[in-house]
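The values are calculated or read from the model by the stated rules, or taken from the named source; none is laboratory data. Since the structure is predicted, the reported quantities are computational estimates derived from the model, not experimental observations. With ideal geometry, Cβ positions are generated from the backbone for all residues, glycine too; neighbour counts draw on all protein chains shown. Surface areas here come from the heavy atoms of the whole protein model, side chains and all, with no ligands, DNA or RNA. Shrake-Rupley method; radii C 1.70, N 1.55, O 1.52, S 1.80 Å.
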Number of protein chains: 4
Amino acid sequence: MTDRHDLAELQQRLVDFAARRRWEPFHTPKNLAAALSVEAAELLEIFQWLTPEQSAAVMSGEGDGGGGGASAARVLDEVADVLAYLLQFCAVLDIDVLAALSAKIDRNELRFPVPELVPEQVPKPAPAESGGQKPADPSDE
Amino acid sequence: MTDRHDLAELQQRLVDFAARRRWEPFHTPKNLAAALSVEAAELLEIFQWLTPEQSAAVMSGEGDGGGGGASAARVLDEVADVLAYLLQFCAVLDIDVLAALSAKIDRNELRFPVPELVPEQVPKPAPAESGGQKPADPSDE
Amino acid sequence: MTDRHDLAELQQRLVDFAARRRWEPFHTPKNLAAALSVEAAELLEIFQWLTPEQSAAVMSGEGDGGGGGASAARVLDEVADVLAYLLQFCAVLDIDVLAALSAKIDRNELRFPVPELVPEQVPKPAPAESGGQKPADPSDE
Amino acid sequence: MTDRHDLAELQQRLVDFAARRRWEPFHTPKNLAAALSVEAAELLEIFQWLTPEQSAAVMSGEGDGGGGGASAARVLDEVADVLAYLLQFCAVLDIDVLAALSAKIDRNELRFPVPELVPEQVPKPAPAESGGQKPADPSDE
């Protein structure tokens with residue numbers, strides 16, 4: 001990740017951007033949470049009909065039926081929108097999103113211990129291939 | 001935002017976390033986009049029946065009907081989940097999310113020029129009060 | 001609701017529509033659930049910056065800043081898309097959606113008993129005005 | 001679909017259910033659109049880590065890692081919630097959802113003509129197998 005683009009600096013640019021355009025009255029936490037959810041769905045929309053394999057190739061332009069990178073540009077755009085609304089949401093509520101994530105990873109490391117491996121253990125087949133489900137998920141709280 | 005929690009470092013922790021638990025087969029871009037969207041909806045769920053005013057008080061514990069901070073903890077948790085899946089999505093596709101956001105803000109500054117103010121101009125009433133809609137939005141592309 | 005448009009008949013039209021265009025391979029339950037979620041977010045997008053009052057006026061064309069009914073047409077369109085994907089999802093999994101809803105309402109009637117009113121009881125102020133939260137919700141399971 | 005459960009009748013039950021519990025103040029179109037979106041995401045959550053094949057087996061109890069039908073019950077529950085909020089949304093805005101869907105299918109039949117087949121034509125491989133994308137979609141407006 002490029003050092004030039006500090007997260008806190010980008011958050012401040014977003015806050016200033018909205019203030020100069022007098023958009024604060026619209027930026028209630030409720031509205032920003034809705035907007036974040038809408039942008040996340042727009043990112044999902046790019047993938048909704050793709051196979052898992054096509055979805056993995058989306059940035060190379062091979063996943064968009066010869067679109068020549070159209071999907072890649074859309075992905076970058078939606079990813080930026082999701083982060084933009086997340087940072088604005090956190091700014092309005094004075095939430096330190098990096099501290100929140102760090103604390104969550106700490107909790108998840110306790111909740112989901114790494115299965116111990118005996119040295120000779122042959123790695124199990126990947127769950128998706130063996131028909132199993134992902135055993136648990138950090139966000140399934 | 002605390003300096004201790006560098007975004008790139010947190011992203012690496014998430015990548016390592018998934019690798020140690022052999023979750024990579026599940027972490028296709030499509031699945032991570034779905035999970036991101038689900039977490040954003042869980043954040044929205046906290047606000048779905050709140051008035052704009054209640055939504056603004058959600059971190060103080062006044063917005064949750066005397067829940068004593070239960071909503072605040074949920075908000076922190078969902079915010080962390082949204083960022084976690086966004087960073088994992090970007091890691092899998094080798095996307096620099098901060099560069100993507102920086103480029104998007106640059107584009108939006110051209111697209112949404114700041115309305116010029118004559119010095120004596122009385123600020124217009126906030127759009128939400130005057131019955132108007134937010135004139136345009138950076139993510140409406 | 002007009003009698004001409006029977007739900008089962010519309011569901012059959014959707015199934016035939018997809019079959020004639022050879023879209024079945026795309027219509028896995030997972031993909032249809034993603035598409036349903038995307039369409040629901042597109043409906044939400046229309047309302048994301050509106051006040052509660054503006055949202056109530058959206059079909060009269062007053063909620064869209066003089067859009068002359070543009071929002072109303074969008075609402076009808078998105079509502080149709082949500083139902084279309086819900087019916088296709090249920091067709092693929094052989095789910096009787098009306099029976100599912102009927103059973104759910106039955107369960108909710110047991111779960112959320114109607115508060116008894118003494119005859120002289122003055123109706124309480126509406127919860128949104130009294131600062132309270134919706135006490136419980138049929139879908140909060 | 002069982003005749004006993006008429007859509008209009010279920011919609012009326014939902015309206016009465018909310019009225020008896022004095023929930024109307026919460027049921028603005030904006031809030032109901034948010035709730036609909038949240039429920040659609042909860043349906044998607046069931047499928048987020050499943051392969052396409054596992055997602056097709058979700059009602060048989062084989063898709064939930066031996067959960068013995070737990071996923072099937074969740075699917076029925078979420079499907080009912082999605083329809084419930086869609087019907088309540090339409091009731092509040094006086095929208096005839098079946099007419100909206102019928103009109104949308106009419107438009108889509110003009111927009112997406114069925115590709116003509118010469119009698120001897122060998123059916124093309126399903127798009128998902130041939131690496132192509134779904135050529136177009138009724139909801140992509």
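Name every residue in the stretch D:57-70 that is at pLDDT 95 or above and open to solvent by 10 Å² or more (accessible area, probe 1.4 Å), in order of residue number. Correct list: D:A57, D:M59. For the stretch C:71-90, the count of residues that are in contact with a Lys or Arg (Cβ under 6 Å, 6 or more places away or on another chain) and either in a helix (DSSP H, G or I) or at pLDDT 55 or above (or both) is at least one.
Residues in the stretch B:46-60 that are touching a Lys or Arg at 6+ places or on another chain (Cβ under 7 Å) and free of Cβ contacts under 8 Å to residues at least 24 places away in the same chain: B:F47, B:W49, B:L50, B:P52, B:S55. Condition (residue is touching a Lys or Arg at 6+ places or on another chain (Cβ under 8 Å) and farther than 20 Å from D:L86 by Cα) applied to the stretch C:61-69: is it met by at least one residue? No, the stretch C:61-69 contains no residue that is touching a Lys or Arg at 6+ places or on another chain (Cβ under 8 Å) and farther than 20 Å from D:L86 by Cα.
When residues in the stretch B:7-37 are screened for being open to solvent by less than 10 Å² (accessible area, probe 1.4 Å), within 23 Å of A:E39 (Cβ to Cβ) and more than 7 Å from every other protein chain (Cβ to nearest Cβ), 1 of them pass. Of everything in the stretch B:70-89, what is of a type in the set (S, T, Y) and within 9 Å of chain A (Cβ to nearest Cβ)? Give them in sequence order. Hit for the stretch B:70-89 is B:Y85, nothing else. Restrict the check to the stretch C:9-19 and report whether at least one residue is in contact with a Lys or Arg (Cβ under 9 Å, 6 or more places away or on another chain) and at pLDDT 95 or above. Within the stretch C:9-19 (the criterion being in contact with a Lys or Arg (Cβ under 9 Å, 6 or more places away or on another chain) and at pLDDT 95 or above), the answer is no, since none of the residues qualifies.
When B:E129 is evaluated against the numbered criteria (1) at pLDDT 70 or above; (2) among the charged types (D, E, K, R); (3) under 20 Å from A:V92 (Cα atoms), which criterion, by number, is the only one it fails? B:E129 satisfies every listed condition except (1). Here C:A99 fulfils each of the conditions (1) open to solvent by less than 20 Å² (accessible area, probe 1.4 Å); (2) among the small types (G, A, S); (3) within 7 Å of chain D (Cβ to nearest Cβ) apart from (1).
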